[in-house]
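One structure below.
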Amino acid sequence: MDLDEIKATWSQMSDQLEQQKKLTDKIILEMTQQKYKNKFSKISMYETIGAVVCYVMAFYILLYMKELDTWYLLTLGIFTLGCLLVMPFLVLRSLKNIQRVDLVNSNYKEALIKYTQEKNRLLFLQRLGIYLGFFMLCTSLPVFSKINNGKDLFLSATTWLWYLPVMGVFFFFFARWGYRSYRSITDSAENILNEMDQ
């Protein structure tokens, strides 16, 4: 073998190694992208089920809106209806956007910026949902009581005495658990992104 043949062989092997490295890097990025998306798949399923429940409840309120015959019950019904329709949509859209962060076709900095924006939006919606959820504890009971039983709870204070404290404590622990789960999932996804930079 002369020197030119050795150079040609060396160059060919170098090109093959470079192609192999690019292919390996692409496969690793695609696997990372899938691992990242999987972090949100379970919570997306739960949120979708929750959205279906909210939309069924909203439909039920719409069917019996005529039963809300006072201005305050109608106001509470509209507020409850708005929350049941808007919040699930916003949360599902935010989850979809955070799952769409493209790790394969963008550089680390772009992916991290996009992820941080979507993470902040998702966590903001979760905090907003907690506050609105607490108000819905107060608004939904009179609405459903009037629709189901024909009773105006503002004329009877006994139900409020046990309902609000019991449901408030339950809601506090449930909301805290849910928000911590979201924080844990988003932190875990961020760790996947940080591994890309190493």
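The values are calculated or read from the model by the stated rules, or taken from the named source; none is laboratory data. If you're wondering where the values come from, they're calculated on a predicted model, not measured in any experiment. For neighbour counting, all protein chains shown are included, and Cβ atoms are generated from backbone atoms with ideal geometry for every residue, glycine included.
Is at least one residue of the range 76-84 surrounded by 15 or more Cβ atoms within 10 Å (Cβ to Cβ), farther than 30 Å from Lys119 by Cα, modelled with pLDDT of 85 or more and under 27 Å from the mean Cα position of the chain (by Cα)? The answer is yes, given that some residue of the range 76-84 is surrounded by 15 or more Cβ atoms within 10 Å (Cβ to Cβ), farther than 30 Å from Lys119 by Cα, modelled with pLDDT of 85 or more and under 27 Å from the mean Cα position of the chain (by Cα). Number of residues in the range 165-186 that are under 18 Å from Leu125 (Cα atoms) and either surrounded by 11 or more Cβ atoms within 10 Å (Cβ to Cβ) or among the aliphatic types (A, V, I, L, M) (or both): the value is 13. From the list Leu155, Leu164, Leu193, pick out the single residue that is over 30 Å from Ile98 (Cβ atoms), in contact with a Leu (Cβ under 8 Å, 6 or more places away or on another chain) and either of a type in the set (A, V, I, L, M) or touching a residue at least 12 places away in the same chain (Cβ under 8 Å) (or both). When all the criteria are applied, what remains is Leu164.
Please go through the range 63-88 and give me each residue that is hydrophobic (A, V, I, L, M, F, W, C) and either farther than 30 Å from Asn149 by Cα or touching a Gly at 6+ places or on another chain (Cβ under 9 Å) (or both), ordered by number. Met65, Leu68, Cys83, Met87, listed by residue number. Do the conditions hold for Lys119, that is, is it part of a helix (DSSP H, G or I), closer than 22 Å to Ala51 by Cα, modelled with pLDDT of 85 or more and charged (D, E, K, R)? Yes. Just one residue in the set Asp69, Asp4 is outside any helix (DSSP H, G or I), out of contact with any Phe, Trp or Tyr (no Cβ under 6 Å at 6 or more places or on another chain) and either surrounded by 15 or more Cβ atoms within 10 Å (Cβ to Cβ) or not small (Gly, Ala, Ser) (or both); that residue is Asp69. Determine if the range 83-94 includes at least one residue that is within 29 Å of Lys26 (Cβ to Cβ), touching a residue at least 60 places away in the same chain (Cβ under 8 Å), in contact with a Lys or Arg (Cβ under 7 Å, 6 or more places away or on another chain) and among the polar types (S, T, N, Q). The answer is no; no qualifying residue exists. Of everything in the range 156-198, what is among the aliphatic types (A, V, I, L, M), more than 30 Å from Met31 (Cβ to Cβ) and at pLDDT below 75? Give them in sequence order. If the condition is that a residue be among the aliphatic types (A, V, I, L, M), more than 30 Å from Met31 (Cβ to Cβ) and at pLDDT below 75, then Ala157, Leu161 are the ones that fit.
For the range 95-108, the set of residues classified as in a helix (DSSP H, G or I) and either acidic (Asp, Glu) or under 17 Å from Glu30 (Cα atoms) (or both) consists of Ile98, Gln99, Tyr108, listed by residue number.
Of everything listed in (1) modelled with pLDDT of 85 or more; (2) surrounded by 13 or more Cβ atoms within 10 Å (Cβ to Cβ); (3) closer than 26 Å to Ser41 by Cβ, the single unmet condition for Thr139 is (3).
Scanning the range 97-112 for residues being under 18 Å from the mean Cα position of the chain (by Cα) and surrounded by fewer than 13 Cβ atoms within 10 Å (Cβ to Cβ) gives a total of 2.
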